[in-house]
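The values are calculated or read from the model by the stated rules, or taken from the named source; none is laboratory data. Given the structure is predicted, the values throughout are model-derived calculations rather than measurements. Cβ placement follows ideal geometry from the backbone for every residue including glycine, while neighbour counts extend to all protein chains displayed.
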């Protein structure tokens, strides 16, 4: 059984912000970021509309980019003191993500951050408040997703929080809020949205509910992103809707290794922070070509290319056309093609690679690659479930269709578990329906949308 979750109401179009007047409640707290919404007059509008709805209004301002655990706890305390029945978050991804996490600790003051970093482990929300989200950028789509990214600056780790509980009740997608976005932000968030949609469509958790959303989002981004970048306001409106559609798709189908690498490498190099959307744009065409070794993924990529009218008489030609289109967009949007072009020094890159952050197995037969599997590592806060606070993530398990049902994939995963545990507390992986029985037999346990193998 699968689940598909969206906000109860999505209001869109110019003037959609006014819908706040129709919310029913007594108190609302508004969570915002650095000040752009105040300078542009949108914060005052929100306050006025909520007061018109008959609510007492409080503000929590100053949520930083990449919001911290400390900010989340400070905001939750403010909510506990004010006792709102509506949480209204407005701005880019950061204030909305922060407000989602605040919501948990407002309703459950004794809950710990260590407990909620386990995906899909949140307590039942909406005991005290409902949640409305108003995006001011066209990329993250956090206004319609079950995700929030919070940073622990003591450890330097970004934690992606995931639970359908934090999908907002109301999303207000008003294009007036994105008319003043700088060009760089339009470029990076736009390519983030494209990556969301493509990864959702190719995800092993895709379904008939997510596919139309993903395809429509891809088509709209390809149609409108260059014009949006060049200050066309009609195109910016359409991009605002496109990123929302992409968000609805990936919130339910989940994402892939492009996003994983973008999060992992964003702050990895001293030679420069790589903005998330920029990293996605750089990595996307390379990952497509790599993933296309799998016939199921190749078929899905070709379907994307065919749907948006790209040329190609064969599956391979269609995939090449898709990669060429992405590369073309990166040129138009002034996005570098490689880490080297971005400014990352080769020596530092090689040094990072030598730290054994990941291992990839490659199996050959007659000088042909017939199978691959990768394990990479990351740290989380120690918990009862994982006292060591270390996780190994197995990904990119692939076997050539001519060599399947011979036990090769099983052997590759088994080898990674036995030889590359690196003192991790648990090993995680996502699985297709076809591979599920193999992993369960190896000792993995099913938990929500992923599998866990516990060491020790």
Picked from region 204-219 (must be without any contact (Cβ under 8 Å) to a residue 60 or more places away in the chain and buried (at least 23 other Cβ atoms within 10 Å of the Cβ)), the residue nearest to residue 295 (Cα to Cα) is 214
Pull up region 412-446, narrow it to residues that are part of a strand (DSSP E or B) and surrounded by 17 or more Cβ atoms within 10 Å (Cβ to Cβ), then point me to the one that is modelled with the highest pLDDT. 427
Test: residue 63 is assigned by TED's automatic domain parsing to the domain that holds residue 152, crowded, with 16+ Cβ neighbours inside 10 Å and within 29 Å of residue 238 (Cα to Cα): yes
For residue 181, all conditions in the list (1) within 30 Å of residue 378 (Cα to Cα); (2) crowded, with 24+ Cβ neighbours inside 10 Å hold save one; what is the number of the exception? (1)
Within region 4-23, can you find the residues that are in a loop (DSSP other than H, G, I, E, B) and under 20 Å from residue 138 (Cα atoms)? 6, 7, 13, 14, 15
For residues that are in contact (Cβ under 8 Å) with a residue 60 or more places away in the chain and over 22 Å from the mean Cα position of the chain (by Cα), scanning just region 304-324, find the one that is nearest to residue 271 (Cα to Cα). 308
Go over the candidates 392, 409 one by one and state the one that is closer than 16 Å to residue 264 by Cα, surrounded by 19 or more Cβ atoms within 10 Å (Cβ to Cβ) and modelled with pLDDT of 80 or more. 392
If we only count strands (runs of 3 or more DSSP E) wholly inside region 69-174, which ones have 2 or more residues that are at pLDDT below 95 and touching a helix residue (DSSP H, G or I) at 6+ places or on another chain (Cβ under 8 Å)? 147-152, 157-162
For residues that are assigned to a helix (DSSP H, G or I) and surrounded by 22 or more Cβ atoms within 10 Å (Cβ to Cβ), scanning just region 253-270, find the one that is nearest to the chain's Cα centre (by Cα). 259
Look through region 72-87, keep the residues that are surrounded by 18 or more Cβ atoms within 10 Å (Cβ to Cβ) and over 21 Å from the mean Cα position of the chain (by Cα), and return whichever of them is nearest to residue 244 (Cα to Cα). 87
Determine whether residue 235 is farther than 30 Å from residue 180 by Cβ and either without any contact (Cβ under 8 Å) to a residue 24 or more places away in the chain or under 20 Å from the mean Cα position of the chain (by Cα) (or both). no
Select from region 317-335 the residues that are surrounded by 17 or more Cβ atoms within 10 Å (Cβ to Cβ) and over 12 Å from residue 281 (Cα atoms) and list them in ascending order. 318, 319, 320, 321, 322
Is it fair to say residue 55 is within 20 Å of residue 127 (Cβ to Cβ), in contact with a strand residue (DSSP E or B) (Cβ under 6 Å, 6 or more places away or on another chain) and in the same structural domain as residue 172 (by TED's automatic domain parsing)? yes
Does residue 281 count as farther than 23 Å from residue 216 by Cβ, touching a residue at least 24 places away in the same chain (Cβ under 8 Å) and in contact with a helix residue (DSSP H, G or I) (Cβ under 8 Å, 6 or more places away or on another chain)? no
